[in-house]
1. Holding the Cα-Cα limit at 30 Å, pick out from A:150/A:414; A:45/A:405; A:210/A:283; A:289/B:255; A:349/A:374; A:349/B:204 the pairs that are longer than that.
2. Return a whole-number percent for the relative contact order of chain B, with Cα pairs under 8 Å and 6 or more residues apart as the contact set.
3. Over all directions, average the projected area of the Cα convex hull of segment A:63-105 and note it in nm².
4. To the nearest µm²/s, what D does Stokes-Einstein give for segment B:1-97 at 37 °C and 0.692 mPa s, using the Kirkwood radius over alpha carbon pairs as Rh?
5. With +1 assigned to the C-beta of every Lys and Arg and -1 to the C-beta of every Asp and Glu, and no other charges, what is the dipole magnitude of segment B:186-225 about the Cα centre in debye, to the nearest 20?
6. So if I place +1 on the C-beta of Lys and Arg and -1 on the C-beta of Asp and Glu, and nothing else carries charge, what would the dipole magnitude of segment B:49-178 be about its Cα centre? I want it in debye, nearest 20.
7. Where both residues lie in chain A, what percent of DSSP beta bridges are antiparallel, nearest 5?
8. Mind computing the radius of gyration and Dmax over the alpha-carbon atoms of segment B:77-226? Å is fine for both.
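Read the figures in this text as sums done on the coordinates, not as results from a lab. Owing to the predicted nature of the structure, the values given are computational and were not obtained by experimental measurement. So basically every Cβ, Gly included, is an ideal-geometry build from the backbone, and we count neighbours across all protein chains shown.
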Amino acid sequence: MKKTIILFFISQLLIIGQQTPGNGQFESMLIENAIIHIGDGSIIKRGYVGFHDGKINYVGEIKPKNNYDKSINTNGAHLYPGLIALNSTLGLAEIDAVRATRDYDEIGPFLPHISSSIAYNAESKVVESMRMNGVLITQTTPRGGVISGKSSIMQLDAWNWEDALIFKNVGIHLNWPSPYTYKRVSSGKRTIEKNKNYNKKVKEIKDFFKSSKSYLPNPKPINLEYEAMRNLFNGNEIVFLHANSSKQIQDGIIFLSSLRINKIVLVGGIYSYKQIDLLSKNKIPVVLKHPHNLPSFIDEDPKLRFRNAKKLIDSGILVSIDVSGSMERMNSRNLPFYAGSFAAYGVEKENALSMITLNAAKIIGINKNYGSIKVGKSATFFISKGDALDMRSNIVDYAFIDGRKISLESHQTKLWKRYLQKVRNSKKELKVK
Amino acid sequence: MITLIEHWNTEKKWENYNSLSKKAKGAVEKPRKDIEMDVLLEILKGKRFITCHSYVQSEINMLMKVAENFGIRINTFTHILEGYKLAEKMSRHGVGGSTFSDWWAYKYEVIDAIPYNGPIMTEAGVTVAYNSDSSEVIRRLNQEAAKAVKYGGLSEEEAWKYVTLNPAKLLHIDDRVGSLKEGKDADLVLWSDNPLSIYASAEKTLIDGKIYYDSRKIPSIIKEMKIEKDKIIDQMKSATNGGQKLQPIESSSNKEFFCETVDK
């Protein structure tokens, strides 16, 4: 009897264990009567999505003829592709102020051979808190140095980093130096000066890239840094150019293009609207800094960060959202609201959604399988009671990754339920008294 | 605690001293005037309110006990990220909670901070407000209030009070601000949409009936500033070409203040 009780408790723990990844999809499933946001800018006002073996096998307005093992009638809820958080350090740190929990910055300036994927903590309490808002995929990105390392694409429901991987080593992250230096003076004001070391820093980058390019096949001994650069020159990996000012963007792109690197993605790009011609000509997508930031300068449009997306999208540039910044990991669950904010300032709602679904998938090269609700793609999506880009109606009832129904519980929802019950019980006790 | 008790004695000393005749006053030592003690006295007499920066339940619980020992009440716990763990005790004590909506995990004290904190405290009968000490978040406090609808299922009406009437109550200025009522100050915002919606933006902001922000005027202000900036740059260019030395550029961004900022 005792054993049975213990076993019962263990099985209960497994069910409520918030991080326990979902089982593989054994039964086919049909989602009925949902407002289907495809992710490519289009919408099905009432329709059906069927999926089996982790893949979507039906999308349409009329009920499919073939039978599904199970079905969920959403009664008009909204269905969205899993949201993709780009340039994120999710899983690479837990508590900002506790140094021992931070693992996103390796020592050294040029580290193309560092892969952040192996530092990704699948058990992170911060990661699990993303899923209840619809964020299901992340680009786990190292920070620091000139070349921080390589990022990888992970799905947010896994036992370990290896199982989480969707795409290992999607590209390197190059932090272009700033042409200006900012100093705080005693009055609390800032002074802006030309960065005297700018040319020197740029030359170091150029030298490193040129040495990498001239690095011969089958060398002895192997140079790990240069070896890790090969895939940039043969077009298999992306250079994520982190740059915000107009000059940084211009100098960075002109240099990389001169080396015939054709897969360039601009990350940050706060002032990229000043370089629209250059970006368009070279077909460079922008992972645009999220809008919840103050203006950088006192004479700047207070809403510049909000209006930025429309400027780029209207020029035909492929745009997604960069979640990095202050408290970036825990705040990444606000990704749908970053998109919503861009929508509030001119971007059409479905296009704002595309920024964090199909556009993001295209930029990191996973659009064959992810990023939109389409037959043949992975069944990675979520269902929200209302408009998911608005905080008052983003209420996620179901989420699926590769067809697996995933838990939406977290450390936070567990505490919520326990303590809410505590308050309710004490109210009952008061009534009894 | 010792200083508080000492203070009662100090007050008695002053009472005694003031009751003396002018001649008698000259014969005794004048009690010490202590402005720090005066403030504590105001608290003990209920004339001044305590707002306490707080995080974890242990410290919150402790301070309520200290206050209760002196027969006083803490007015507001700010930040109060673990308020939900002591919500009934807070309600009994009569303290309000002014918390963040969804920030957590930035330091160890906030590992158990949850976005359901506000709604749980509300359930227990605590007066709840949402605040932020971030100069960025504070300008979107309407959206932060909306998070109480998402996390914890508060009604929109109740959530809106988190950033209007409830903080006014906690500041004891609800007779003047916090709701639209005849006789109250004309501090108003005209929104383009339901302000709890992400799609809403402030069109006009009025303080004491005067328009301080008008979204329609922003484009022309920006245009004017650009013209002025270009003019200054041109002047600087011609000055440099004329061989004059320039002074370094100084931006006029102001210093940001946080809860812990202590400044002269």
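1. On the way: A:150/A:414 35 Å; A:45/A:405 24 Å; A:210/A:283 23 Å; A:289/B:255 23 Å; A:349/A:374 19 Å; A:349/B:204 24 Å.
Going by Cα-Cα distance, A:150/A:414 fall outside the 30 Å limit.
2. Working: 339 pairs, mean separation 24.2, N = 264.
It rounds to 9 percent for chain B.
3. Values: hull surface 25.7 nm².
Average of the hull's projected areas for segment A:63-105 equals 6.4 nm².
4. The diffusion coefficient I find is 214 µm²/s.
5. Values: 5 positive and 6 negative charges, 33 e Å.
Once rounded to the nearest 20, the dipole reads 160 debye.
6. Numbers: 13 positive and 16 negative charges, 31 e Å.
For this selection, approximately 140 debye.
7. Numbers: 37 of 67 bridges.
Close to 55 percent.
8. Values for segment B:77-226 (Cα only, Rg and Dmax): 16.9, 57 Å.
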